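The values are calculated or read from the model by the stated rules, or taken from the named source; none is laboratory data. This one's a predicted model, so the numbers in the text were calculated from it and none came from an experiment. As a convention, Cβ positions derive from the backbone with ideal geometry for all residues, glycine included, and neighbour counts pool all protein chains shown. Remember, those area values only see protein heavy atoms, side chains included, never the ligands or the DNA or RNA. Shrake-Rupley method; radii C 1.70, N 1.55, O 1.52, S 1.80 Å.
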Amino acid sequence: MWTDTHCHLDAAEFDADRDAVVARAAAAGVTQIVLPAVGRENFDTVRLLAHRHGFAYALGIHPLCVGRAVDEDLRALSDALAEHRNDPRLVAIGEIGLDHFVPGLDLARQERFYAAQLRLARQFDLPVILHVRRSADTLLKHLRATPVRGGIAHAFNGSEQQALAFVALGFKLGFGGAMTFERALQIRRLAQMLPAEAIVLETDSPDIPPHWLYRTAAERAAGQGSRNEPAELPRIAQTLAELRGLSLPELAMLTSANARVALPRLA
């Protein structure tokens, strides 16, 4: 049984066939899925989806969404965390973090929202799900200043030193579709050498498609889709199993157990 620790099931890409996506995931053995919010506007959406399908959810403000967020959104997050603090399906604060890749973003504003959400994680004693995009060192700086109870560094693509720094702070690292590309040498090396207890699996659906779903910019412009979905997780996991010399059942057990350590309410 597999755990997809990161899926945006509420995304518009799934509006036409969301129930079928969930059914395909179950048929593939993906029995637990974590649905992170990205902003105030989808706090209720991910919560209701998680309850409808028996999944888990996280509440937070994504770094790519802080440009349109206001301080009232942080108060709304705090209020939602307080209202649902006893909901066993609320497993983390996320997706939060920093994005230093997309040009033109207000990095100081991102840091302010990130730091505020780390304080909420401490207040409500919840782990966090982190967006890490060329921002690992700054994320780590804030985590050392405001320690939280661990969580997941989602779609990790940093250095070995940065990876081990997250692990030392109690974090698991998320691996998904990017790992399936033969040219992703650094991600594959990390997937192979990190401690086994440090790794969780994710799809980031509908994003980060594995190599067999990838479409070039020209193909996408021509209308060919590249939507990822949770049912792809076992095939994505095959790459990790080969890198680490594990069977798929062993890997499913290992990574699902790691997810429950990272997000204890999953248990």
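Where residues in region 131-165 are closer than 20 Å to S256 by Cβ and either among the small types (G, A, S) or open to solvent by less than 20 Å² (accessible area, probe 1.4 Å) (or both), which of them is nearest to the chain's Cα centre (by Cα)?
H154
Answer yes or no as to whether A116 is assigned to a helix (DSSP H, G or I) and in contact with a helix residue (DSSP H, G or I) (Cβ under 6 Å, 6 or more places away or on another chain).
yes
Find all pairs meeting these conditions: Cβ atoms under 8 angstrom apart; at least six residues apart or on different chains; first residue within region 119-137 and in contact (Cβ under 8 Å) with a residue 12 or more places away in the chain; second residue among the acidic types (D, E) and not in a helix (DSSP H, G or I).
If the second residue must be among the acidic types (D, E) and not in a helix (DSSP H, G or I), the pairs left are I129/E95; L130/E95; H131/E95; H131/D99; R133/D99; R134/D99; S135/D99.
State all residues of region 181-214 that are open to solvent by less than 10 Å² (accessible area, probe 1.4 Å), within 16 Å of A259 (Cα to Cα) and outside any helix (DSSP H, G or I); if no residue qualifies, say none.
Listed by number, the residues that qualify are L194, I199, V200, L201, E202, T203.
What helices (runs of 4 or more DSSP H) completely inside region 1-84 contain at least 2 residues that are free of Cβ contacts under 8 Å to residues at least 24 places away in the same chain and closer than 27 Å to M253 by Cβ?
Helices (runs of 4 or more DSSP H) meeting the threshold: 18-27.
What's the number of the condition L90 fails, among (1) in contact with a strand residue (DSSP E or B) (Cβ under 7 Å, 6 or more places away or on another chain); (2) under 25 Å from G158 (Cα atoms); (3) open to solvent by less than 20 Å² (accessible area, probe 1.4 Å)?
All conditions pass for L90, except number (2).
Across region 166-180, which residue is farthest from L246 (Cα to Cα) among those that are open to solvent by less than 10 Å² (accessible area, probe 1.4 Å) and not small (G, A, S)?
Checked region 166-180; the qualifying residue farthest from L246 (Cα to Cα) is F166.
Just to check your reading of the model, which residue among A178, A163 is at pLDDT 95 or above, in contact with a Phe, Trp or Tyr (Cβ under 7 Å, 6 or more places away or on another chain), of a type outside the set (S, T, Y) and outside any loop (DSSP other than H, G, I, E, B)?
A163
Kindly provide the set of residues from region 45-81 that are more than 18 Å from the chain's Cα centre (by Cα), within 30 Å of P103 (Cα to Cα) and open to solvent by 10 Å² or more (accessible area, probe 1.4 Å), ordered by number.
G67, R68, V70, D71, E72, D73, L74, R75, A76, S78
All but one of (1) in contact with an Asp or Glu (Cβ under 8 Å, 6 or more places away or on another chain); (2) surrounded by fewer than 20 Cβ atoms within 10 Å (Cβ to Cβ) hold for R244, so report the exception by its number.
(1)
Identify all residues within region 216-267 that are at pLDDT 95 or above and acidic (D, E); write none if there are none.
E229, E232, E242, E250
Step by step: first the residues of region 215-234, then only those that are touching a strand residue (DSSP E or B) at 6+ places or on another chain (Cβ under 9 Å) and open to solvent by less than 60 Å² (accessible area, probe 1.4 Å), then the one that is farthest from T255 (Cα to Cα). Which residue is that?
N228
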